[in-house]
1. Taking each residue in B:88-100, count the Cβ atoms of any other chain within 10 Å of its Cβ, then average. What number comes out?
2. May I ask you to list the GluC sites (Glu not before Pro) in the stretch A:32-68 that are in a DSSP loop and have at most 16 other Cβ atoms within 10 Å of their Cβ?
3. For the stretch A:12-61, compute Rh as the Kirkwood radius over C-alpha pairs and then the Stokes-Einstein diffusion coefficient at 4 °C and 1.567 mPa s; write the answer in µm²/s, rounded to an integer.
4. What nm value, rounded to one decimal, do you get for the distance between A:Leu60 and B:Asn53 when each label is placed 7 Å out toward the C-beta?
5. With charges only on Cβ, +1 for K and R and -1 for D and E, what is the dipole size of chain B about its Cα centre, in debye, rounded to 20?
6. Any idea what log10 I(q)/I(0) is at q = 0.11, 0.13, 0.18, 0.23 Å⁻¹ for the stretch A:16-114, Debye with uniform C-alpha scatterers and no solvent?
7. If you take each beta carbon of peptide A:37-44 and count the beta carbons of other chains within 10 angstrom, what is the mean?
8. If you place +1 on the Cβ of every Lys and Arg and -1 on the Cβ of every Asp and Glu, how big does the dipole about the Cα centre of the protein assembly as shown come out, in debye to the nearest 20?
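The values are calculated or read from the model by the stated rules, or taken from the named source; none is laboratory data. Since the model is a prediction, treat every value here as computed from it, not as a measurement. All Cβ positions, even for glycine, are placed from backbone atoms using ideal geometry, and neighbour counts span all protein chains on display. Note: areas computed on protein heavy atoms with side chains; ligands, DNA, RNA excluded. Shrake-Rupley method; radii C 1.70, N 1.55, O 1.52, S 1.80 Å.
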Amino acid sequence: DTGVSQDPRHKITKRGQNVTFRCDPISEHNRLYWYRQTLGQGPEFLTYFQNEAQLEKSRLLSDRFSAERPKGSFSTLEIQRTEQGDSAMYLCASSLQGPNEKLFFGSGTQLSVL
Amino acid sequence: GESVGLHLPTLSVQEGDNSIINCAYSNSASDYFIWYKQESGKGPQFIIDIRSNMDKRQGQRVTVLLNKTVKHLSLQIAATQPGDSAVYFCAENMRGNEKLTFGTGTRLTIIP
């Protein structure tokens, strides 16, 4: 058990609907990351927070995606007007000192857009 | 852009044998490398890491080798067990960069 919790584990939605995922990192970790993984591929970086500040966003993160970490603890990732191409595993990870140290991943939220 | 790639997409090994999973990276500025194991329906699980100032690092039943000359990384798993069956990813990071770049992955199957 890595200590990073994600909810829900699975989400099935219809195209055009909004979805929100939650991540609870390891409590003492101040860095939190979101990655996306499609079948047969490695995870791809989406965005990261240091405490409550969102410091970097990938070009993969279109304007339909928004992430927050309001109190520097848990984080949410919202996708508006979902598209079938958004179907993927959304992974959250946390770290004490950044990706040059160990990055601990949660079990992910599997999103299926019908 | 920079990429991390794997030589083989699948690998089957007899239980008890040793396995070697290879990875090539292209960013010569990368200074930190990590191997992750991912089982079906789970997130990546940290296995072992190595910094660019090292050539070899050993863990429990695992060894990572880094050859900076040819930009090659390998993961050796000794005395494989059924629980080692999973997809293995290498990932790399450059100091000052906040993201890990992952390869596509190698599926390791342990044959009983």
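1. Working: counts 0, 4, 1, 4, 1, 5, 2, 3, 2, 5, 12, 13, 11.
So the per-residue partner count for this stretch is 5.
2. Working: sites: A:Glu44, A:Glu52, A:Glu56, A:Glu68; in loops: A:Glu52.
Sparse-neighbourhood loop GluC sites (Glu not before Pro): A:Glu52.
3. On the way: Rh = 12.8 Å.
The diffusion coefficient I find is 101 µm²/s.
4. 3.1
5. Working: 11 positive and 10 negative charges, 34 e Å.
For chain B, the charge dipole is close to 160 debye.
6. The computed values of log10 I(q)/I(0) come out as -0.29, -0.41, -0.78, -1.26.
7. On the way: counts 6, 0, 0, 5, 5, 15, 11, 4.
Per residue, the average neighbour count from other chains is 6.
8. Values: 25 positive and 23 negative charges, 53 e Å.
So the magnitude is around 260 debye.
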